[in-house]
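Read through the structure below, which is laid out as structure tokens, and then see the notes.
Every number here is computed from the coordinates shown, using simple stated rules; none is lab data. Being a predicted model, the structure only gives us computed values, none of them experimental. Because the Cβ atoms are built from the backbone with ideal geometry, glycine has one as well, and the counts that use them run over all protein chains shown.
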Amino acid sequence: MSNPFTRWMQRLRGASAAAGERHEKPHVFVKELSPRSRRHLLRHFLALEEKDRLLRFGSKLSDEMVTRYVEGINFERDTVFGVYDRRLRLLGVGHLAFAPKESTRISGATIKPVVAEFGVSVTAAARGLGVGTRLFMRASMRCRNADVDTLYMHCLSSNKVMMHIAKKAGMEIHRDYGEADAYLKIKPANSATVFQEAVEEQVAMLDYIVKANFKALLKWGARVTGIGSDKKDRTPPPPGA
Ligand SMILES: CC(C)(COP(=O)(O)OP(=O)(O)OC[C@H]1O[C@@H](n2cnc3c(N)ncnc32)[C@H](O)[C@@H]1OP(=O)(O)O)[C@@H](O)C(=O)NCCC(=O)NCCS
């Protein structure tokens, strides 16, 4: 007899198979990252092209500044989400930073004490697969569950892709402070959003463990048999890694 979790996993597998046949976007697992991910984060950000760094950070950051940014991420205050590929490289990263509203340019936008700023980036080769959308949805769910109702993104109005993602998610886009400081209004939490976030994190954690074990198994197999050891990722590691 199958339990509800097994039935749910079967439905998920069935849905992915059907999606594959219909050439739909693959399922994307968004995992919350910890300080141990800094090396992966650095590799992801350093691989972004200059124009993408500009969109992501609002200025053309040098490698050194990107390194300092990654070293300075406060994982206790903020939340960082990531999407891994099967080789445990970060395809996408979303940084949700919480700040007292008085310290922001949109302080009058909410009666809540805190607003959130979201920055997201997806590796060029993985764009258009839904990674950015999933990171955005997950970050907005975290805001809902943290009782934050205002989400700010740098140059939101001029970023057509982000505007598209936000509109698709049904977000209200406000421009009370001009085009450059557009922000999004987040709906309040309910028991379903709290449950959904917990389930999504568990599933993403399972996905990560499976990928990590598979990677370790491949490494072990290559060491024992000598096969595939020459297929190592030869991308140079980022400075400081
Ligand atoms: C913005 C970004 C994160 C999106 O990531 P992504 O994984 O490609 O996003 P998704 O695949 O989830 O969705 C992209 C959507 O935008 C649409 N889109 C692509 N180009 C577009 C354009 N010029 N105008 C409007 N919509 C566009 C796609 O069709 C897709 O919509 P769909 O899901 O309805 O088909 C990615 O492009 C990126 O890293 N850009 C550089 C950094 C950046 O701009 N960050 C945002 C500011 S912090």
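Legend: Rg and Dmax of the stretch 26-220, from Cα coordinates, 16.6, 57 Å. Report the net charge of residues surrounding Met171, where surrounding means a beta-carbon distance below 11 angstrom and charges are Lys +1, Arg +1, Asp -1, Glu -1. Spelling it out: positives minus negatives among the neighbours equals +3.
Simple spin-label estimate for Leu54 and Leu218 gives 3.5 nm between the two label positions (7 Å along the Cα-to-Cβ direction from each Cα).
Report the charge-dipole magnitude of the stretch 90-168 in Debye, nearest 20, computed about the Cα centre from +1 at each Lys and Arg Cβ and -1 at each Asp and Glu Cβ. Display every interim value, and only then the final one.
Values: 11 positive and 4 negative charges, 62 e Å.
In debye, rounded to 20, the stretch 90-168 gives about 300.
Electrostatic bookkeeping for Cys143 treats Lys and Arg as +1 and Asp and Glu as -1; over the other residues with beta carbon under 11 Å from its beta carbon, the sum is +2. By other beta-carbon atoms within 10 Å, ranking Lys211, Lys51 with the fewest at the front produces Lys51, Lys211. About its Cα centre, the stretch 26-220 has a charge dipole of approximately 660 debye under the convention of +1 per Lys or Arg Cβ and -1 per Asp or Glu Cβ, with nothing else charged. The residues Val66, Val115, when put in order of fewest to most other Cβ atoms within 10 Å, stand as Val66, Val115.
One way to sum up the overall shape of the stretch 33-128 is the equivalent ellipsoid from its Cα gyration tensor, whose semi-axes run 25, 15, 13 Å, largest first.
According to the Kirkwood relation over distinct C-alpha pairs, the hydrodynamic radius of the stretch 69-109 is 12.3 Å. Take the Cβ atoms of Ala47 and Asn190, set R0 to 45 Å, and the FRET efficiency comes out at 0.75.
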